[in-house]
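J.: Before I ask anything, here is the structure I am working with.
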Amino acid sequence: MQRIIYNILTLSLLITLFSCGEKESENGKSKKQQEETVERRLFVSKAQFKGSKMRLGNIESMSFPVTVKTTGMIDVPPENRAVVNATRGGYIKTVPLLIGDKVQKGQTLLTIENPEFITLQQDYMEVNEKLGFLKAEYERQKTMMEENITSQKSFLQAQSNYKTAVASYNGLRKQLTLLNISPSQVESGNISSVVSIYAPISGSITKVNVTRGTYVSPATSIMEIIDNDHIHLELSVFEKDIMKLKKGHKSILGSQNLQPMFLKQKSI
């Protein structure tokens, strides 16, 4: 009987010791977790709180900007850009405009001088004077041909001379027009060795490649005019960023190599 009581007491004691060990283990584990939680917290002192102008508030939804970096260039349509050339070669006589000056369509840009301009106007005057005589002779030969008074050879010769003169007259007149020389002024006897070049479009001068006395050929680029009324921005965007851009997004132009950034609001 005593042995049974002894065994019961021993078993009770072992159970009590095991329970205490588990409790101590759980208490130690809980204490360790609390210590780890405390170590992960961010502590801000009172001085830091005031110095950083922090304030307490509630959790709320806010928008943060998302930027998309791109590369591109500022450009204008081809019809808003013009390169000024001379129809014929010559020496620059006057070039009063500078880079940055604004011009209107039809405004005089510069003048060119060349003795060949005089020869061209003389040829035009000579053809113009002969044209009346050749026309009268052609009509006379035509009438005589119809009445069988003249030979066909004489009629054809008169016809050929008249049509050749007409072709020369029209060609020289067109050349004078391209040089901005008035054919009517030439017919009146006003011949000049200087011609003017006018602005083909309105805009601002961006390049001046000549100075007074420079010889220019028809292939020489004298100056460049750009109309900024239809200026636009051409961008190169990666495929993955295309869907992030929409009409109305703000853009910020970078100071180097023109790197625009489009801003998009994103809520979190």
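J.: Taking amide H atoms as placed 1.01 Å from N in the peptide plane, list the residues 5 or more away in sequence, or in a different chain, whose amide H sits under 5 Å from that of Q107.
T.: Hits under the 5 Å cutoff: A199.
J.: Over region 124-182, with the other protein chains present, what is the accessible area per residue in square angstrom, probe 1.4 angstrom? Don't skip to the end; give the middle numbers.
T.: Values: 3970 Å² over 59 residues.
Accessible area per residue: 67 Å².
J.: Turning to a different aspect of this structure: What is the local net charge at Y215, summed over the other residues whose Cβ is closer than 15 Å to its Cβ (Lys, Arg +1; Asp, Glu -1)? Could you put the intermediate results ahead of the total?
T.: On the way: positive: R88, K93, R212; negative: E113, E116.
Taking every Cβ under 15 Å from that of Y215, the sum is +1.
J.: Could you sort 148-160, 239-251, 85-97 so that the peptide with the highest average Cβ count within 10 Å comes first and the rest follow in order?
T.: Values: 148-160: 13.3, 239-251: 9.8, 85-97: 16.6.
So the peptides 148-160, 239-251, 85-97, ranked by packing, come out 85-97, 148-160, 239-251.
J.: Can you work out the Karplus-derived ³J(HN,Hα) for every residue in region 228-238? Use 6.51 cos²θ - 1.76 cosθ + 1.60 with θ = phi - 60°, whole Hz, and x for glycine or proline.
T.: Residue by residue, region 228-238 yields 8, 5, 10, 5, 8, 10, 9, 10, 10, 10, 5 Hz.
J.: Using alpha carbon centroids, what distance separates region 81-106 and region 183-249, in Å?
T.: Here the answer is 9 Å between Cα centres.
J.: Starting from the Cα of H249, step 7 Å along the direction of its Cβ; do the same at N190; then give the gap between the two resulting points in nm.
T.: About 6.0 nm separates the two model spin labels.
J.: Between D123 and N148, what is the label-point separation in nm under the 7 Å Cα-to-beta-carbon projection?
T.: Computed distance between label sites N148 and D123 equals 4.4 nm.
J.: Let a ≥ b ≥ c be the square roots of the eigenvalues of the Cα gyration tensor of region 160-204; is it rounded (a/c under 1.5), or, if not, prolate (a/b larger than b/c) or oblate?
T.: oblate
J.: Next question, about the same structure. Could you calculate the contour length gain from M62 to K207, that is, 0.36 nm times the residue separation minus the distance between their Cα atoms, to one decimal place in nm?
T.: Values: separation 145, 0.36 × 145 = 52.20 nm, distance 4.98 nm.
Gain in length upon complete extension: 47.2 nm.
J.: On a 22 Å Cα-Cα criterion, which of the cross-link pairs K69/K250; K130/K163; K207/K250; K102/K247; K142/K163 come out too long? Display every interim value, and only then the final one.
T.: On the way: K69/K250 12 Å; K130/K163 12 Å; K207/K250 32 Å; K102/K247 32 Å; K142/K163 14 Å.
Where the Cα-Cα span goes over 22 Å, the pairs concerned are K207/K250; K102/K247.
J.: Follow-up question, since we're still on this one. For region 185-245, what size does the Cα cloud have along each of its three principal axes, sorted from largest down, in whole Å?
T.: Answer, in whole Å and largest first: 70, 25, 17 Å.
J.: Now, a different point. What nm distance separates the two modelled labels at N228 and R173, each placed 7 Å from Cα along Cα→Cβ?
T.: The modelled label-to-label distance comes out at 4.4 nm.
J.: Of the GluC sites (Glu not before Pro) in region 101-147, which ones lie in a loop per DSSP and count no more than 12 other C-beta atoms within 10 Å? Walk me through the intermediate numbers first.
T.: On the way: sites: E113, E116, E126, E129, E137, E139, E146, E147; in loops: E147.
Counting only loop positions with at most 12 other Cβ atoms within 10 Å, the GluC sites (Glu not before Pro) in region 101-147 are E147.
J.: When the Karplus curve 6.51 cos²θ - 1.76 cosθ + 1.60 is applied with θ = phi - 60°, which whole-Hz ³J(HN,Hα) does each residue of region 42-59 get, with x for Gly and Pro?
T.: Coupling constants for region 42-59: 9, 9, 10, 6, 5, 5, 5, 4, 6, x, 8, 6, 7, 8, 8, x, 9, 5 Hz.
The values are calculated or read from the model by the stated rules, or taken from the named source; none is laboratory data. All figures in this text were calculated on a predicted structure; none of them were measured in a lab. When we count neighbours, we look across all protein chains shown, and the Cβ atoms used for this are built from the backbone with ideal geometry, even at glycine. Protein only, heavy atoms only, side chains kept; ligands, DNA and RNA dropped before computing areas. Shrake-Rupley method; radii C 1.70, N 1.55, O 1.52, S 1.80 Å.
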